[in-house]
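Single-structure report; data block below.
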Amino acid sequence: MWVSIACAALFVHLNCLGITAASPWSPQAAAKSFSPLPGLHDLQQPVVTPNICGVDDVDRVPCGEPGIDDAQCGAINCCFDGQQCYYGRTATVQCTIDGQFVLVVARDTTLPRLSLDSISLLGGSDAPCSAVDSNADFAIYQFPVTACGTRAMDLGDYVVYENKMSSSYEVGVGPLGAITRDSHYELSFQCRYAATTVAALDVQLASNSPPMPVAASGPLMVELRLGSGQCVTKGCVQAQAAYTSYYGDADYPVTKVLREPVYVEVRILGRTDPNIALVLGRCWATSSPDPFSVPQWELLVDGCPYQHDRYLTTPIPVDGSSGLQFPSHYKRFVLKMFTFVDHDSMAHLQEKVFIHCSTSVCQLTAADSCEPRCSRQTESPWSPQAATKSFSRLPGLHDLQQPVVTPNICGVDDVDRVPCGEPGIDDAQCGAISCCFDGQQCYYGRTVTVQCTIDGQFVLVVARDTTLPRLSLDSISLLAGSDAPCSAVDSNADFAIYQFPVTACGTRAMDLGDYVVYENKMSSSYEVGVGPLGAITRDSHYELSFQCRYAATTVAALDVQLASNSPPMPVAASGPLMVELRLGSGQCVTKGCVQAQAAYTSYYGDADYPVTKVLREPVYVEVRILGRTDPNIALVLGRCWATSSPDPFSVPQWELLVDGCPYQHDRYLTTPIPVDGSSGLQFPSHYKRFVLKMFTFVDHDSMAHLQEKEEMLSQQDRSLLINLL
C-alpha cells in the first residue's frame, strides 16, 4: 500500500547471513551501513545546488522591477546575468510593500528533486494558498501576509508575520515497516514590517454620479479573445497579467507549445447594464472553423470544467478587483494546450485548433448570482453565439526525426552529466563524437546522441529536453520494444542511456557493398484522451531513425592453436561456507560504459562505511561465497530485507527479495543482475548481484522519517540458503 503524507532523512546498514552447506542454517553475519543522505537535510535548510543561477532562458521567472541592476537584484536574493534579474534554483522569499508574501520554489531545492505539486502552506494548498503560476522547474506563490495560516507577532517596533512551507512525500507500507524514497523540505519564513501609529484622517469625497444603466432589448454581441500579457514585475500573477493585453487579428494563428497555458476571455460588447451577467454554457475545440465539425474536445460543460480531461480547464474569477467597469459581462478561463489525434491510428493531426463557446445572458438578482454550480452537472439549453480563434501547428509536434533545438544544448548541471568518450580527450575529439566539452570534461548534451562502438554496439543517449514539452524518458522504445536488452541500461532525471548490439532490438541490416548498415528507430509513446467526439494529446511525440555503418570485410579461415595450463582441480569439501556482502563503488568513465557492470569493478572498503547515498540513488549489492573453488555449487538468495539496526530480527523491516525474486509491493522493484561467464569471474555461480533504489524508514504511526541506519539482510528461513547443485 502506498500513501501520501507531508516529510525527512536517513542512515543505512547492510547485513548478510550465511550457513554451512549440509546442516540446518546458522547465520554468518556481514553488515554494511549508510550515513545520512544529502537531500534528507536538516529541515528548513536548502540544498546548495551546483549552480543556483544556472536556469535555462525558457524556464526563467523574472524577479524585481524591469531595468534593475546587479546590486539591486542581489539585494532581493535573485540572480543577474548582465541583462535580466531572475529567480535562482532554490526557495526565494520576498515581502511586498502592500503586505504580500512572494514565495518562489525551485524543484532543485532538494535532492532528489522536490515534487512541486506536493507543496503546502500552514493554511493548506487551496486558493489563495495554491501556486499562482508554475512551469516545469518553479512554483510561484503569492498571498496576503494575513492569509494561509500565517502567525502574527507584535515585537514592539515591528510586526512579524510567519508561515511555513512543507512538502508531502509518498510512503510504502509493508507488513513489518514503512519506507519512503521522497525528499522532504520544510521552510519557515517571515515578513517583518515596521509598526506605525494610527491617526484619524478627515476626508471629504466629491464625485460625479455614475451614468444610468442602459437596459434595452436587441441582439447581444459576444467576443472571444486570447490574452497575451506577460509578467514583468516582482510578485506578478500570470493569470492576471495575461489579460492586460490581447492578440489582435493579425497575430492569428497563434503558436503554442503543448501544455502551455492558453488564456481565454469571452465578453459582451456594447452593453452598459450592470444587472446582466454573461453565462458560459458549453465551450469546446475543433480542428476546423466549423463549430459542428469533428473531432471535438470539451473544455467546459454547463460552465464547469470537463471532468474527463486530466488537465482540467480552470475558470478565472472576474470581480471588482479586475478594474473592469462591468465585471459580470466577462468570463475567463485557462486551458493547457493540446493537439488532436486520429481516433483510429492515434497519430497526431497536424492541424489548427479552434475554440468555440455557447453563451447566454442572466439577470442578476439577490437570489441568483448567475454562477454555475459545478458540484453537479445538469443539461442547459445554451444556444451558440459563435466566437472562434485558431492556433497554428505546435512546435512540440515537430517533424518526426527532427530534434528541438534547446536554448543551450551543453547547459547540463554537473550532477546530471553523463561522461562521453575516453578520459582525457580534448575539445576536438569530444566534438567529433557529438558531445559537449567544458575545458575539462566531455559529456553528453541535452539532445539525442547516437554512437557506434568498434565492437558492434549502438550507444543511444536521450535527453528529456529533446522535445517541448519535455520527453517522458519512461515512454521510449526501440523497434523491438522496451524489454531487455532494449531497455535503458542507466538513467538519471535528465537522461536515459541505451546500449545494445547492432544485431539486436529489431535492427535491420542492409548490405551496401562496401558497407553494412544497421538501422533502428527510437520512438516515444504518448497519452491520448478519448472523448465522445474526438481524441487529443498534450504529450510531445518523437521518432528518430538512426544507423551504424561498418566497412564490409572478407572472411578467411584462420588456423589457431591454443596452449594453456590445465584449470585447477575443483575443491569439493565439507565444512562451513563463508559468505560476504559488499557494495559496488565503480563508476563509468568510458564511452558506452554500462553502470550496472562498472559498479562491480571496485568495492567500498571497511573504512568507507557508512556510505552516503541520496534517496532513489542506485545501491549495487553483491553477495559471494568465499574460499571455495568448486564450480558445481551455486549461491542462492532466499529472502533479502533491510532493517534500521544491526539486529536482523528487529523492526521496522523492508523486503528487497522474497525467494530470490523482487518484492512485488515496492514501487521501485529491486533488480537482480545476471552474473555469467561474461563477468570475467572464475566462478560466476558463487556470486549474486542486485540493485535497489535508496530509501529511508518512516515511523508507521506518525509517518515521520526515522533518523537511523538501515541494515540489509539476506536470508531464507532465517538464513542465507546455499544449494549444492
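The values are calculated or read from the model by the stated rules, or taken from the named source; none is laboratory data. Computed from a prediction, not measured in an experiment: that's the story for all the values here. Don't worry about glycine lacking a Cβ; one is built from the backbone with ideal geometry, like all the others, and counts go over all protein chains shown. Heads up: the accessible areas ignore ligands, DNA and RNA and are worked out on the full protein's heavy atoms, side chains in. Shrake-Rupley method; radii C 1.70, N 1.55, O 1.52, S 1.80 Å.
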Taking just the C-alpha trace of region 226-376, give me its Rg and Dmax in Å. 16.5, 52
With the Cα gyration tensor of region 284-364 in hand, give its eigenvalues times 5 under a square root as the equivalent ellipsoid semi-axes, listed largest first in whole angstrom. 29, 13, 11
Going by amide H atoms built from the backbone, whose H comes under 5 Å of the H on Glu186, apart from near neighbours? Gln44, Gln45
If packing is taken as the average number of other Cβ atoms within 10 Å across a peptide's residues, how do 624-632, 313-321, 509-517, 653-661 rank, most packed first? 653-661, 624-632, 313-321, 509-517
Per-residue HN-Hα couplings for region 229-245 [Karplus 6.51, -1.76, 1.60; θ = phi - 60°; Hz; x = Gly/Pro]: x, 10, 5, 10, 10, 4, x, 5, 9, 4, 5, 8, 5, 4, 9, 7, 8
Please report, as a whole percent, how much of the solvent-accessible surface of region 450-504 comes from carbon and sulfur atoms (probe radius 1.4 Å). 51
So if I average 1/r over every pair of distinct C-alpha atoms in region 401-492 and take the inverse, what Kirkwood radius in Å does that give? 14.2
Charge context of Ala277, other residues only, Cβ under 13 angstrom, K/R +1, D/E -1: -1
With the other protein chains left in place, how much accessible area per residue, in square angstrom, belongs to region 46-173 at a 1.4 angstrom probe? 44
If you stretched the chain out fully between Glu351 and Leu364, how much longer would it get, using 0.36 nm times the residue separation minus the C-alpha to C-alpha distance? 0.6 nm
If you count only protein heavy atoms and use a 1.4 Å probe, how large is the accessible surface of Tyr247, to the nearest 10 Å²? 60
Sorting Glu580, Glu265, Glu422 on solvent-accessible surface, 1.4 Å probe, most exposed first, gives Glu422, Glu580, Glu265
Hey, quick one: spin label on Asp416, modelled 7 Å out along Cα-Cβ, who in region 440-456 has an amide N within reach, i.e. under 16 Å? 443-449
Integer Hz, Karplus 6.51/-1.76/1.60 couplings in order for region 145-156, x for Gly and Pro: 5, 9, 10, 6, x, 4, 9, 9, 10, 8, 10, x
Long-range HN-HN contacts of Leu656 with modeled amide H, under 5 Å: Cys640, Trp641, Ala642
Residue separation between Tyr252 and Thr590 times 0.36 nm, minus their alpha-carbon distance, gives in nm 116.7 nm
Quick one: if the Förster radius is 41 Å, what FRET efficiency do Val651 and Ile454 give, using the C-beta to C-beta distance and rounding to 0.05? 0.20
Once you put a point 7 Å from the Cα of Cys661 and another 7 Å from the Cα of Val173, both along the Cβ direction, what distance in nm separates them? 2.5
With all protein chains modelled, accessible area of Leu473 [1.4 Å, Å²]: 30
Give me the Kirkwood hydrodynamic radius of region 585-690 in Å, from all C-alpha pairs, to one decimal place? 15.7
Evaluate the distance, in nm, between pseudo-label points positioned 7 Å from the Cα of Leu626 and of Thr96 along their respective Cα→Cβ axes. 6.6
If you take the charge dipole of region 421-484 about its Cα centre, with +1 on Lys and Arg Cβ and -1 on Asp and Glu Cβ, which of Val459, Gln440, Leu479 is farthest toward its positive end? Leu479
The percentage of the accessible area of region 51-92 (probe 1.4 Å, all protein chains present) made up of carbon and sulfur atoms, to the nearest whole number, is 46
Å² per residue, accessible surface of region 254-386 at 1.4 Å: 50
